[in-house]
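First up is the structure itself, then whatever we jot down about it.
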Amino acid sequence: MTKTEFSDDLLTTAFPGILKNHPICTQSSHFVVPKDLVPAITHYIHTQPSLRGRLTLLWACDYRPVRETYGLYYLFTLERSHHWVVLSTETAGTDRLFPSITPHLHAAQWYEREIRDMFGLIPQGHPDLRRLVRHEHWRKGTHPLRKDFSWDATLGRQQGEHHFRHIEGEGVFEVPVGPIHAGIIESGHFRFSVAGEPIMQLELRHFWKHRGVEKLFEQQLLIEAVPLAERVSGDTTVGHALTYCQAVEALLHLEVPRRAKYLRALFLELERLYNHLGDIGAMCNDTAYALAHAHCGRMKEQIMQLNDRFTGSRFLRGVIQVGGVTRDIENTQLTKIVEELNQIQQDFSEVEAIILGNASLTDRLETTGILNEQTAWDHAVIGIVGRASGMNYDLRRDRPFAAYDELPVNVALYRYGDARARLRVRGDEIHESIRLIREMRDKIPGGPIADQPSSSPNPGDWTLAAVEGWRGEILYMVMAGEDGRIHRCKVRDPSFVNWPAIQWAVLGNIIPDFPLINKSFNLSYAGNDL
Amino acid sequence: MFRIIKKSLKIGVVTGRYQKADRAAVPVPTEAKDKTRPFKRSLAIREVDTGSCNACEMEMNALLNPVYDAERFGIHIAASPRHADALVVTGPVTVNMERALKDVHRQTPDPKIVIALGDCAINCGLFKGSYAVTGPVDRHIPVDVRIAGCPPRPAEILEALSELRGNG
Ligand code: SF4
């Protein structure tokens, strides 16, 4: 892959009003921009052919009571160089307005609504200002991430009703589903408008499971919040813990020993393996292919038991700590893991061949729930879902973390964007993960597994960390507060980005195919709702 | 068609290949056992997620895989609360889910039992005190059985459920 370097001058010459600031991490640039220039600059970064910036994160921060301002931050990843561009701007005094970029950048839609709910800042010109996180029964004026809102406040209730978008016409009817579903899945609401069989519109209504995670982070010490990160989304325990730790390590200037970096990569791949196996099984189950489901479930269980045997937790909880890992996996144990995984790979290859050769399954999967490349790009879709729709991103290759700088990853990429492509991405990644673990066994160096934190960060220092979890890109923005506390922690699970895209993927499909499409995305509700 | 059957025969029976849980670790109160007597030897469960991190759900799902195969004990998942004997609730109760939980509880026909699964459901776990959480499950509906753990292992859940059926 050829890397074209991004030059900061490109932006400063195009927009003389912006100021260059210190980069927040390697391979990144940071600019301070006037608020009213934000729409023009974001539009430029997004559409300029040499940049093609993908909106990666948008967050706000309350600086009161120190300064009477709110900060707004826009993070873009440039298409070719994978360089990060951060734009920051501020609201002044009692001004609660900021210009919305949603009209020309779909991907900003939920972020801006989230900021409105959590901070009470109003995105001017946003086409949809309904509440997102705050359900209608929350009292007016409740904005939990404001610094003057107490974390343990009791919320009052008010009357209110959510207004769904209606399609009117002869024969059009609505099907509400959830928040509680028929299977053992998380809580969320789906509202379908259908005429006959095909879906004309799907509207999501999520955030039933909002637990106030970001506010809870602010009550914790930097070095003690790993258990909370692990519980943002249970199936991504390692992914979230690792991203959080990387952010804290950057703030504390901690150097993680190489052996620990390898072990972190090992745990991340084990997590990817059990989830992908489970997902392939679940997709088979939704096409009534129960035997294949049983086989995948059995292999998933085998890996979870392996996790339990080597780390004491089926979900690999408590293995990642700030500065390294808590448990060493001896080289002899590593060899045992590789042996077991080799056998699982053999086993999986047989099942995979049977699944892919099954005509009736192929018939159900092909052309079901197509998310085309353009829609995927417009919504900045990432992870497995993105890679099935031609979005060629994988942080393990693009911005290597942990030990991936020494472990080149072959990225699975498909372009059809249907359920089958998403199944194939997972299948390929299972083989790749096992190959990577074999490579780790050969390359892993000896040495310590953790470094002790010694310094404490300056209040107001902040950084970003990103990890390619099994679902996709996980991002954390951590800002240090007084006495080693957290001033602000923005958590972004890939689900938050990919959920809106499912509304497009289902169009024209029939409702009985929805569970299958939903499974092929398999997004987290907990990680989305926070 | 034949290939997958052949594959299944080759693998053989995997049911029971897990480390059994210690019965003492998952105490089931006698009152709860008395309450489940009318269900005889089967138990239809409705799972309700009121804000879990989804690891508890995953372990409930694991009960249905061929290794644990809870169906062999007559434990199955009902698609609607109206068909359920027992509610399994996971997660601290969030402000947004509180109503839904109470509705589900009302819609489940009597006699019924409620099982709080995981530390969150029992005492809100790490989410205790948050503005968005309105307290453990037993603040809103009566709870009969508590299965602790974060998350509890499937073997432990299965042990508690079998015990409830009184012939585990
Ligand atoms: S008890 Fe633990 S595993 Fe279960 S929902 Fe709560 S945090 Fe997640």
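The values are calculated or read from the model by the stated rules, or taken from the named source; none is laboratory data. Just so we're clear, the structure is a prediction, and the values are computed from it rather than from any experiment. Ideal geometry is used to build each Cβ from the backbone, glycine not excepted, and the neighbour counts take in all protein chains shown.
Within segment B:131-154, count every residue that is surrounded by fewer than 19 Cβ atoms within 10 Å (Cβ to Cβ), under 30 Å from residue B:19 (Cα atoms) and of a type in the set (Asp, Glu).
Counting residues in segment B:131-154 that are surrounded by fewer than 19 Cβ atoms within 10 Å (Cβ to Cβ), under 30 Å from residue B:19 (Cα atoms) and of a type in the set (Asp, Glu) gives 0.
Scan (1) under 23 Å from the mean Cα position of the chain (by Cα); (2) over 28 Å from residue A:377 (Cβ atoms); (3) at pLDDT below 90 for the single condition residue A:81 breaks and write down its number.
Unmet condition: (2).
Within segment A:221-320, considering only helices (runs of 4 or more DSSP H) that don't extend past its boundaries, which have at least 3 residues that are in contact (Cβ under 8 Å) with a residue 12 or more places away in the chain, of a type outside the set (D, E, K, R) and within 9 Å of another protein chain (Cβ to nearest Cβ)?
On the way: elements: A:226-230, A:237-252, A:258-286, A:290-311.
In segment A:221-320, the matching helices (runs of 4 or more DSSP H) lie at A:258-286, A:290-311.
As an exercise: evaluate residue A:216 against (1) surrounded by fewer than 23 Cβ atoms within 10 Å (Cβ to Cβ); (2) at the interface with another protein chain (Cβ under 9 Å from one of its Cβ atoms); (3) in contact with a Leu (Cβ under 9 Å, 6 or more places away or on another chain); (4) over 30 Å from residue A:426 (Cβ atoms) and give the number of the one condition it does not meet.
So residue A:216 meets the others, but not (1).
Could you tell me which of the residues A:241, A:292, A:247, A:265 is closer than 19 Å to residue A:434 by Cα, among the small types (Gly, Ala, Ser) and out of contact with any His (no Cβ under 7 Å at 6 or more places or on another chain)?
On the way: A:241 fails: closer than 19 Å to residue A:434 by Cα; A:292 fails: closer than 19 Å to residue A:434 by Cα; A:247 fails: closer than 19 Å to residue A:434 by Cα.
Of A:241, A:292, A:247, A:265, the one residue that is closer than 19 Å to residue A:434 by Cα, among the small types (Gly, Ala, Ser) and out of contact with any His (no Cβ under 7 Å at 6 or more places or on another chain) is A:265.
Could you check, for segment B:145-160, whether at least one of its residues is more than 14 Å from every other protein chain (Cβ to nearest Cβ), touching a Leu at 6+ places or on another chain (Cβ under 8 Å), among the hydrophobic types (A, V, I, L, M, F, W, C) and within 11 Å of the ligand (Cβ to nearest atom)? Break it down stepwise before answering.
Kept after step one, since they are more than 14 Å from every other protein chain (Cβ to nearest Cβ), are these residues of segment B:145-160: B:145-148, B:159-160.
Then drop every residue that is not touching a Leu at 6+ places or on another chain (Cβ under 8 Å), which leaves B:145, B:147.
From what is left, the residues that are among the hydrophobic types (A, V, I, L, M, F, W, C) are B:145, B:147.
Now drop any that are not within 11 Å of the ligand (Cβ to nearest atom), which leaves B:147.
There is at least one residue in segment B:145-160 that is more than 14 Å from every other protein chain (Cβ to nearest Cβ), touching a Leu at 6+ places or on another chain (Cβ under 8 Å), among the hydrophobic types (A, V, I, L, M, F, W, C) and within 11 Å of the ligand (Cβ to nearest atom).
Being β-branched (Val, Ile, Thr) and either more than 26 Å from the chain's Cα centre (by Cα) or exposed (fewer than 13 other Cβ atoms within 10 Å of the Cβ) (or both) is the filter here; which residues of segment A:150-184 pass it? Outline the logic, then answer.
Of segment A:150-184, the ones β-branched (Val, Ile, Thr) are A:154, A:167, A:172, A:175, A:177, A:180, A:184.
Selection gives A:154, A:167, A:172, A:175.
Looking at residue A:246, is it among the polar types (S, T, N, Q), within 13 Å of residue A:430 (Cβ to Cβ) and away from the ligand (no atom under 16 Å from the Cβ)? Spell out how you get there, then give the answer.
Numbers: among the polar types (S, T, N, Q): yes; within 13 Å of residue A:430 (Cβ to Cβ): no; away from the ligand (no atom under 16 Å from the Cβ): yes.
Considered against the rule, which asks whether it is among the polar types (S, T, N, Q), within 13 Å of residue A:430 (Cβ to Cβ) and away from the ligand (no atom under 16 Å from the Cβ), residue A:246 comes out as no.
For segment B:119-137, does any single residue satisfy the condition of being touching a residue at least 60 places away in the same chain (Cβ under 8 Å), under 21 Å from residue B:33 (Cα atoms) and within 16 Å of the ligand (Cβ to nearest atom)?
The answer is yes, given that some residue of segment B:119-137 is touching a residue at least 60 places away in the same chain (Cβ under 8 Å), under 21 Å from residue B:33 (Cα atoms) and within 16 Å of the ligand (Cβ to nearest atom).
How many of the residues in segment B:29-48 are within 16 Å of the ligand (Cβ to nearest atom) and either modelled with pLDDT under 85 or in contact with a Lys or Arg (Cβ under 7 Å, 6 or more places away or on another chain) (or both)?
0
If residue A:191 meets every condition in (1) of a type in the set (Lys, Arg); (2) within 13 Å of another protein chain (Cβ to nearest Cβ); (3) in contact with a Phe, Trp or Tyr (Cβ under 6 Å, 6 or more places away or on another chain) apart from one, which number is that one?
Against the list (1) of a type in the set (Lys, Arg); (2) within 13 Å of another protein chain (Cβ to nearest Cβ); (3) in contact with a Phe, Trp or Tyr (Cβ under 6 Å, 6 or more places away or on another chain), residue A:191 comes up short only on (2).
From the list B:106, B:99, which residue is away from the ligand (no atom under 16 Å from the Cβ), on the phi < 0 side of the Ramachandran plot, more than 12 Å from chain A (Cβ to nearest Cβ) and not in a loop (DSSP other than H, G, I, E, B)?
Working: B:99 fails: more than 12 Å from chain A (Cβ to nearest Cβ).
Only one candidate qualifies: B:106.
Looking at segment B:56-78, is at least one residue more than 11 Å from every other protein chain (Cβ to nearest Cβ) and among the hydroxyl-bearing types (Ser, Thr, Tyr)?
Looking through segment B:56-78, none of the residues is more than 11 Å from every other protein chain (Cβ to nearest Cβ) and among the hydroxyl-bearing types (Ser, Thr, Tyr).
Tell me which residues, restricted to segment B:51-95, are within 16 Å of the ligand (Cβ to nearest atom) and either among the basic types (Lys, Arg) or in a loop (DSSP other than H, G, I, E, B) (or both).
Pass one, segment B:51-95, residues within 16 Å of the ligand (Cβ to nearest atom): B:51-63, B:87-94.
Listed by number, the residues that qualify are B:51, B:52, B:53, B:54, B:63, B:91, B:92, B:93.
Given A:418, A:461, A:483, which one is acidic (Asp, Glu) and surrounded by 18 or more Cβ atoms within 10 Å (Cβ to Cβ)? Steps first, please.
On the way: A:461 fails: surrounded by 18 or more Cβ atoms within 10 Å (Cβ to Cβ); A:483 fails: surrounded by 18 or more Cβ atoms within 10 Å (Cβ to Cβ).
Result: A:418 is the single residue among A:418, A:461, A:483 that is acidic (Asp, Glu) and surrounded by 18 or more Cβ atoms within 10 Å (Cβ to Cβ).
Does residue A:352 meet the test of being farther than 30 Å from residue A:199 by Cα, within 14 Å of another protein chain (Cβ to nearest Cβ) and not aromatic (Phe, Trp, Tyr)? Steps first, please.
Values: farther than 30 Å from residue A:199 by Cα: yes; within 14 Å of another protein chain (Cβ to nearest Cβ): yes; not aromatic (Phe, Trp, Tyr): yes.
So residue A:352 fits the description; yes.
Kindly indicate the residue of segment B:38-50 that is assigned to a loop (DSSP other than H, G, I, E, B) and among the charged types (D, E, K, R) and also farthest from the other protein chains (Cβ to nearest Cβ) among those meeting that condition. Spell out how you get there, then give the answer.
Step one: list which residues in segment B:38-50 are assigned to a loop (DSSP other than H, G, I, E, B), which gives B:40-42, B:50.
Still in the running and among the charged types (D, E, K, R): B:40-41.
Values: B:40: 23, B:41: 22 Å.
This residue is B:40.
Go through (1) modelled with pLDDT under 85; (2) over 28 Å from residue A:249 (Cβ atoms) and name the single condition residue A:6 misses.
Residue A:6 satisfies all of (1) modelled with pLDDT under 85; (2) over 28 Å from residue A:249 (Cβ atoms) except (2).
Under 15 Å from residue A:181 (Cα atoms), of a type in the set (Asp, Glu) and more than 8 Å from chain A (Cβ to nearest Cβ): is that true of residue B:22 in this structure? Don't jump to the end; show me each part of the working.
Numbers: under 15 Å from residue A:181 (Cα atoms): no; of a type in the set (Asp, Glu): yes; more than 8 Å from chain A (Cβ to nearest Cβ): yes.
For residue B:22, the condition - under 15 Å from residue A:181 (Cα atoms), of a type in the set (Asp, Glu) and more than 8 Å from chain A (Cβ to nearest Cβ) - is not met.
Conditions tested, residue by residue: (1) touching a Cys at 6+ places or on another chain (Cβ under 6 Å); (2) of a type outside the set (Asp, Glu); (3) surrounded by fewer than 16 Cβ atoms within 10 Å (Cβ to Cβ).
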| residue | (1), (2), (3) |
| --- | --- |
| A:21 | no, yes, yes |
| A:24 | no, yes, no |
| A:41 | no, yes, no |
| A:52 | no, yes, yes |
| A:60 | no, yes, no |
| A:64 | no, yes, yes |
| A:79 | no, no, no |
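Just need a number here: residues in segment A:231-266 that are under 18 Å from the mean Cα position of the chain (by Cα) and more than 20 Å from residue B:60 (Cα to Cα).
Our first condition is that a residue be under 18 Å from the mean Cα position of the chain (by Cα); within segment A:231-266, this holds for A:231-247, A:265.
The next check asks that each one be more than 20 Å from residue B:60 (Cα to Cα); those that pass are A:238-247, A:265.
Qualifying residue count, segment A:231-266: 11.
What helices (runs of 4 or more DSSP H) completely inside segment A:376-475 contain at least 3 residues that are among the aliphatic types (A, V, I, L, M) and farther than 30 Å from residue A:357 by Cβ? Please lay out each step first, then the result.
Details: elements: A:383-388, A:395-398, A:419-443.
Ranges flagged: none.
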